[in-house]
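Following: one structure in structure tokens, then a few remarks.
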Amino acid sequence: MSQTAAVSSPATAGTQKGRAGGLLLTIILVGQFLAILNVNIVNVAIPTIESDLHSSGAGLQLIAAGYTIVYAVLLITGARVGDLFGYRNAFLGGLTVFTLATLGAGLAPSTTWLVAARLLQGAGAAMMLPQVMTLIQRNYRGAARGRALGLWSLVISGGVVIGQALGGVLLGLGLGWRILFLALAPIGLLLLAVGARVLPTDAGGGRAGLDPGGLVSLAAAVLLFVGPLVLGRDLGWPVWGWVAMGLSVVMFVVFVRIERWVTARGRRPLVDARVLRAPGMRPGLVTQLFGPATWGAFLFTSALHLQGDLHLTPLSSGMMLVPCALAYAAVGLAWPRLPARLQRPLVPVGFVVAAPSYLGLGFFASGGVAYAVTSALIGAGLGVLVAVTTMATEHVDSAYASDASGALLTVMQLGQVIGISTVGTLFISLQSRTDGSASLLSSIAMAALAVVAGLGSLFLVRRRAA
């Protein structure tokens, strides 16, 4: 297949099938929503879990971060599983693992059990999520595909906000931390029952080979990078963490060389370079790295500020983020319905709104209506991330959808981890001060990240126009 055909030809596999089209989209997006929800839903329950299970500090770190680490490391591998064994089988298999692990987490009698369940949840999510974009690319065309990809991106980013808010709401019911998991398991079982009937049968992407060298080297690079970032803050940034992050760069270079070697011998690499050369893909990846970085940093620092500095309950803290989530959803849903001439310039405008709104957090740190309105403006500005996904993938052929899906999901996850570890560390280091410098300086850092994301979106818009 030529490079042009690989990245710009129309989808040729799959069609939207009447009523099943809407039901198919509902099943895969709800499954995706459950997986994204679990990134942050447990954060607000950490104190309760500590007192109930008598967890150590390391145990609590793994309960909160183990899901994210496994999920980030295995995303690319999950995309290849769909290529080899079929996207329907990979989605349902990942959903099965995720659902059973969620049930196990809700019934966990000990910290070790809960940590193991969280790790399995991450593995199931990593197998399930890359198939969602691939199923959209292969079963929807034209405007229907654009709308479906918009909803895909909306669920990816909006689910993170809702996870944190929903965690506070469920804890506010007084049913304990187990309800965070037990309430989700029946939904997963329902999706499995309906999905087995609705998801289209396929034989995968027909791509030969597993590329074990690429899988191992990329997984090692991501693990060496994500692990220290997720755990380093609570461990006091030990020397081994810095060494590991340095080795992650080495492993990434090794991964690139292996992929070139595999390609030169006519075999299929783990991530096809032709996908990364598709028009709009590279600036889209930059935007999807720094945009979610601001998102993750905002959610993390806002939870610490609202519950730690302002002494709000988990329920009140979660409700404070509801305007943000609603504004994000409103912009994400409205974007595909705008006239075509307005859709493209809307993306950088979103970051023009988000950057000064992040600065506003530092001035409205006392909470109240001003803080809620400012957070809503942030949500409205970052709602354009829905458009970024659609624009970045519109020239990627459906046969390479799993490559695009794995790359975008991995970059978005890395962005959130980077935002939490860098801006979160800055906030924590200054939180003991009473001069408000923690909120002010972290808001400046988030605004700077939003500016970088906005610059990436400018290149994306120019590429799309060309």
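The values are calculated or read from the model by the stated rules, or taken from the named source; none is laboratory data. Predicted model only: the values in this text are computed from it and were never measured. Cβ placement follows ideal geometry from the backbone for every residue including glycine, while neighbour counts extend to all protein chains displayed. Heads up: the accessible areas ignore ligands, DNA and RNA and are worked out on the full protein's heavy atoms, side chains in. Shrake-Rupley method; radii C 1.70, N 1.55, O 1.52, S 1.80 Å.
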The FRET efficiency for VAL253 and SER429, from their Cβ-Cβ distance with R0 = 25 Å and rounded to 0.05, is 0.20
Fraction of alpha-carbon pairs in region 389-436 farther than 15 Å apart, rounded to whole percent, equals 60
Computed over the Cα atoms of region 319-393, the Rg and Dmax in Å are 13.0, 41
Checking rank on 276-282, 294-300, 348-354, 149-155, with mean other Cβ inside 10 Å and highest first, the result is 294-300, 149-155, 348-354, 276-282
The answer for the per residue Cα convex hull volume of region 303-351, in Å³, is 73
Label model pair VAL243, LEU440: point-to-point distance (7 angstrom along the Cα→beta-carbon line) in nm is 4.0
Under the 7 Å Cα-to-Cβ spin-label approximation, VAL169 and SER110 lie apart by a distance in nanometres of 3.6
Against the 2.2 N^0.38 Å rule of thumb, the C-alpha Rg of region 56-186 sits at a ratio of 1.14
Note to self: Kirkwood Rh of region 235-381, Cα pairs, one decimal, Å, is 18.8
The rounded separation in angstrom of the Cα centers of region 342-371 and region 124-153 is 28
Heavy-atom accessible area of region 229-318 with neighbours in place, 1.4 angstrom probe: carbon+sulfur share in percent works out to 69
Projected convex hull area of region 284-327, Cα atoms, direction-averaged, in nm², equals 3.3
With +1 on the Cβ of every Lys and Arg and -1 on the Cβ of every Asp and Glu, the dipole magnitude of the chain about its Cα centre, in debye rounded to the nearest 20, is 1560
Whole-number value, in Å³ per residue, for the convex hull of the alpha carbons of region 182-277 is 166
Here Rg/Rh (Cα, Kirkwood) for region 295-446 equals 1.02
Taking region 229-302, the equivalent ellipsoid from its C-alpha gyration tensor has semi-axes in Å, biggest first, of 30, 21, 7
Heavy-atom accessible area per residue of the chain, all protein chains kept, 1.4 Å probe, expressed in Å², is 39
Unit-weight point scatterers at every alpha-carbon of the chain, Debye formula, q = 0.07, 0.12, 0.14 1/Å: log10 I(q)/I(0) is -0.32, -1.03, -1.45
